[in-house]
Amino acid sequence: MQIGAQYYRPPFPNSRYWEDDLGKMADSGLNTVQLWVLWSWVEATPGEYRFDDYDRLVEIAGKKGLDVVLSTVAELQPPWIHREVPGSEMINQHGHRVVSTNRSECHYGITPGGCTDHPGVWRRMKGFLEATVDHYKDAPNLFGWDAWNELRWNVHAQGIVCYCEHTMAAYRKWLEDKYGGLDGLNDAWRRRYSSWEDVDPGRSPQRPFTEMMAYQSFIEERSNRIAYSRYEAVKSLDPGHPCTVHAAQPCVYQAGGPQNTALDRGNDWSFADRLDGIGTSSFPKWGHWDRPDYAVRMEIIRSAAGGKRLWLSELQGGRASSGFTLQVPVTAVEQQHWLYQGMAAGAEAVLFWCWRDEVFTTESGGFGIVGLDGHAEERIAAFRKTGKFIRENAATIAGYRPAPAEAGIFFSPQSCYLHWCIEGDARRASQAFLGYAKALVRQNIAFEAVEERHLDALEGLKILYMPRAFVLDGGTEERLGDFVRKGGTLVVESECGAYDSLGLYRYPEERFLKKTAGAAEVGRRNLPEPAEIVAKTGGTEFKLGISQWITPFAGKGVTGWTAHDDGILVGECTAGKGRVILVGTYLGEASLRGESPGFDGFVGHLAGEAGVVKRVEAEGPGGSDGGISIRWGESGGKKVVFVTCGEALPEVGLRFDKGFFPSGRVRDLVGGAAYSVKGGGGSVSFRLPPEQMLVLVEE
């Protein structure tokens, strides 16, 4: 397993530190250093590539026993790009040329630079990528490539981009291929265009949705295509080393806003389709995440990777810096919990941002593992232990695979596009997903994030939650219908499939639920005061906070759990061998605000009724929120259980499903103690080492 830290964004740190710093990295238990290779820095003069500083760093790293990950930061373009490629500026939604500037978190190099749809820009960018790969592909300590850092193609654009002539040509060609020509487009969109020149993309929210949803889909696919092109430029010269890309966060959270559309930086599932793997950045303390927030992100990115390489490409190293706002420090225990939870999700590489505190702009004075927040010594001591742990358990870690989830949460990019069209961002969609996801991880129920174009993930699932799934197309409806008819459980919220992929509203009798289960909503109604309901099922009542509106259901065979004057607000109906749980409102967002005391129990109850089995459970105080988090898998045919505890407890009680440990013997690889599990299951108390975590392996 690679465990390392980002070190160099030229020209910092100063070269006088390099030898000592990289030696200390190796002494601290790290085995990898990550370097930003900037196009702007390497090709400061057109056609001349200078790698002298990187050569020295790679050489020192090799001497210290460190592997190297090279991040090709081609999106930081040389200041000469517009002089050498005239007319390459991006165009914003108002038709104005974008003025590029030095980027805020890097000392030299402009963004957004030239549009890569301009053939001259891409030719020069590809030239830099090929020159870099050719120069370092045979380095003996090269581990791999991160071909695109946080997918940053439109930073500092100060508006929605790109509407240049080259992107417009690509957009119209994309539509032509998709619909088979202008007549096909007119037929699908119900328009009367007489020329492709009249087909303009959407430019702002709250206009007709059709072209804006299409343009968002195009921009997402355009980012996917850029990633493929960068990957292919690397792999064409170096097929032997792994190559990934990573976003600032899983694409579920790419909600967009006034200056960017939803999913404008691409789709993690699509990247994993074509690349060697994917990564993500994670800054838990900077983002004020609680423990379930982080666990949710690990499950999402694991799901998107689909069994391919998973990198935590940037994980917070030290206290964050945001100008003169003092952030909270990063303790060794919580940092190691992030690392081990990443390992539990199947991460192959964990790369921390960064080794030293930053020295420029708003990030100055922050993020360093050895940074000056008062916790550097304890962090280094913890890394030494972890480095030893990784070396001693290399085979177990290399063979480890997380256990498949039986519960799923539906992720619909098209519903995110629709939210953006209506509200200017897709935050409600992200929050709805997060509400259900946190409810599951707080109960230590693993979940699969199921992206709407990757529905093979339904295989093996017993229940699928569908928060705010406003948009469903015909193919998706068919696959979901098959899932429930074969015995699966769907949990749907208000107006599921109320819009098609063109953003056109469907009446209740035209929707997925009516066709699949015979249930239909009777229309939108105002929220009650207070905005809460009680759902009674299985002899248990759940008090649930709700939001936005309510839409009662009617239909033959609909059984009510929460009644309303106009129908059933929460209930169920059958479809084939399966069942559909009907929720005529939105539950997830209220739970995030702490306004839904019964939500976790409701979500867990539905999972249990669907047949989801928790093979490992915490007993006594805890749960992930308070702090016991559990994720398990297998390595070499034997169970491996990762347990982290956010509270300082002397021991933790775990209950294992009967026969979970067939041998009846288990060892904690962190603390070293051995335990007996009679009958392979039952309750066992484990002593917690100072790290407040366990890695239990069957002997």
Exercise for the section: For the stretch 99-151, enumerate the residues that are of a type in the set (Val, Ile, Thr) and either within 27 Å of Lys63 (Cβ to Cβ) or not assigned by TED's automatic domain parsing to the domain that holds Tyr54 (or both). Expected result: Thr132, Val133
Problem - Residues of the stretch 551-566 classified as within 11 Å of Glu521 (Cβ to Cβ) and in contact with a Leu (Cβ under 6 Å, 6 or more places away or on another chain), total - result: 2
Exercise for the section: Please give the number of the condition Trp561 fails out of (1) surrounded by 15 or more Cβ atoms within 10 Å (Cβ to Cβ); (2) out of contact with any Gly (no Cβ under 6 Å at 6 or more places or on another chain); (3) more than 22 Å from Arg506 (Cα to Cα); (4) not small (Gly, Ala, Ser). Expected result: (2)
Exercise for the section: Identify the residue in the stretch 329-347 that is assigned to a loop (DSSP other than H, G, I, E, B) and crowded, with 22+ Cβ neighbours inside 10 Å and, among all such residues, is farthest from the chain's Cα centre (by Cα). Expected result: Val330
Completion exercise
Considering the stretch 356-380, residues that are assigned to a loop (DSSP other than H, G, I, E, B) and in contact with a helix residue (DSSP H, G or I) (Cβ under 6 Å, 6 or more places away or on another chain), and then whichever is farthest from Pro284 (Cα to Cα), we arrive at Val370
Practice task
Answer yes if at least one residue in the stretch 40-53 is aliphatic (A, V, I, L, M) and within 23 Å of Arg152 (Cα to Cα), and no otherwise.
Solution key: yes
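Condition check ((1) without any contact (Cβ under 8 Å) to a residue 60 or more places away in the chain; (2) in contact with a Cys (Cβ under 8 Å, 6 or more places away or on another chain); (3) closer than 29 Å to Gly279 by Cα) across all residues:
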residue	(1), (2), (3)
Gly23	yes, no, yes
Leu30	no, no, yes
Tyr49	no, no, yes
Leu57	yes, no, yes
Gly62	no, no, yes
Glu75	no, no, yes
Pro86	yes, no, no
Met90	no, yes, yes
Completion exercise
Restricting the stretch 541-558 to residues that are surrounded by 23 or more Cβ atoms within 10 Å (Cβ to Cβ) and part of a loop (DSSP other than H, G, I, E, B), the one farthest from the chain's Cα centre (by Cα) turns out to be Pro552
Fill in the blank from the handout: Residue pairs qualifying under the 9 Å Cβ cut-off, at least six apart or on distinct chains, with the first in the stretch 99-112 being on the phi > 0 side of the Ramachandran plot and the second being assigned to a loop (DSSP other than H, G, I, E, B) and surrounded by fewer than 22 Cβ atoms within 10 Å (Cβ to Cβ), are Gly109/Pro79
Exercise for the section: At least 2 residues that are among the small types (Gly, Ala, Ser) and at pLDDT below 95 in each: list the strands (runs of 3 or more DSSP E) lying fully within the stretch 445-530 that qualify. Expected result: none
Problem - Where a residue in the stretch 282-306 is at negative phi and assigned by TED's automatic domain parsing to the domain that holds Glu348 and its partner, wherever it lies, is small (Gly, Ala, Ser) and part of a helix (DSSP H, G or I), with Cβ under 6 Å and at least six apart - result: Val296/Ala437; Ala304/Ala272; Ala305/Ala272
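Per-residue answers, yes or no, for (1) of a type in the set (Val, Ile, Thr); (2) at pLDDT below 95; (3) not assigned by TED's automatic domain parsing to the domain that holds Gly307:
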| site | (1), (2), (3) |
| --- | --- |
| Gly538 | no, yes, yes |
| Ile550 | yes, no, yes |
| Val558 | yes, no, yes |
| His564 | no, no, yes |
| Gly567 | no, no, yes |
| Asp625 | no, yes, yes |
Practice task
Considering each of Glu459, Glu392 in turn, give the residue that is acidic (Asp, Glu), in the same structural domain as Ser321 (by TED's automatic domain parsing) and out of contact with any helix residue (DSSP H, G or I) (no Cβ under 7 Å at 6 or more places or on another chain).
Solution key: Glu392
Fill in the blank from the handout: Across the stretch 262-285, the tally of residues that are in contact with a helix residue (DSSP H, G or I) (Cβ under 8 Å, 6 or more places away or on another chain) and in a helix (DSSP H, G or I) stands at 6
Problem - Residue list for the stretch 502-534, filter: within 26 Å of Pro413 (Cα to Cα) and touching a Ser or Thr at 6+ places or on another chain (Cβ under 8 Å) - result: Leu502, Gly503, Leu504, Ala517, Glu521, Gly523, Arg524
Exercise for the section: Restricting attention to helices (runs of 4 or more DSSP H) lying wholly within the stretch 163-244, give those where 3 or more residues are among the polar types (S, T, N, Q) and crowded, with 19+ Cβ neighbours inside 10 Å. Expected result: 209-235
Handout entry: Candidate set from the stretch 494-513 (those that are without any contact (Cβ under 8 Å) to a residue 60 or more places away in the chain and in contact with a Gly (Cβ under 8 Å, 6 or more places away or on another chain)); member that is nearest to Thr476 (Cα to Cα)
Key = Phe512
Practice task
Among the strands (runs of 3 or more DSSP E) lying completely within the stretch 566-632, list those that include at least 3 residues that are in contact with a Gly (Cβ under 8 Å, 6 or more places away or on another chain) and aliphatic (A, V, I, L, M).
Solution key: 567-575
Practice task
Determine whether Gly127 is outside any loop (DSSP other than H, G, I, E, B) and either among the aromatic types (Phe, Trp, Tyr) or in contact with a Ser or Thr (Cβ under 9 Å, 6 or more places away or on another chain) (or both).
Solution key: no
Exercise for the section: Those residues that are assigned to a strand (DSSP E or B) and under 18 Å from the mean Cα position of the chain (by Cα), I need them from the stretch 396-415; list them, please. Expected result: Pro402, Ala407, Gly408, Ile409, Phe410, Phe411
Problem - Check on Phe661, over 26 Å from Leu490 (Cα atoms), surrounded by 15 or more Cβ atoms within 10 Å (Cβ to Cβ), touching a residue at least 40 places away in the same chain (Cβ under 8 Å) and in contact with a Gly (Cβ under 8 Å, 6 or more places away or on another chain) - result: no
Fill in the blank from the handout: Those strands (runs of 3 or more DSSP E) completely within the stretch 644-699 that have 2 or more residues that are within 20 Å of Arg291 (Cα to Cα) and within 31 Å of the chain's Cα centre (by Cα) are 651-656, 693-698
Exercise for the section: Check whether at least one residue in the stretch 312-328 is assigned to a loop (DSSP other than H, G, I, E, B), within 28 Å of Ser591 (Cα to Cα), free of Cβ contacts under 8 Å to residues at least 24 places away in the same chain and of a type outside the set (Lys, Arg), and report yes or no. Expected result: no
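The values are calculated or read from the model by the stated rules, or taken from the named source; none is laboratory data. Nothing here was measured: the structure is a model prediction, and the numbers come from that model. So basically every Cβ, Gly included, is an ideal-geometry build from the backbone, and we count neighbours across all protein chains shown.
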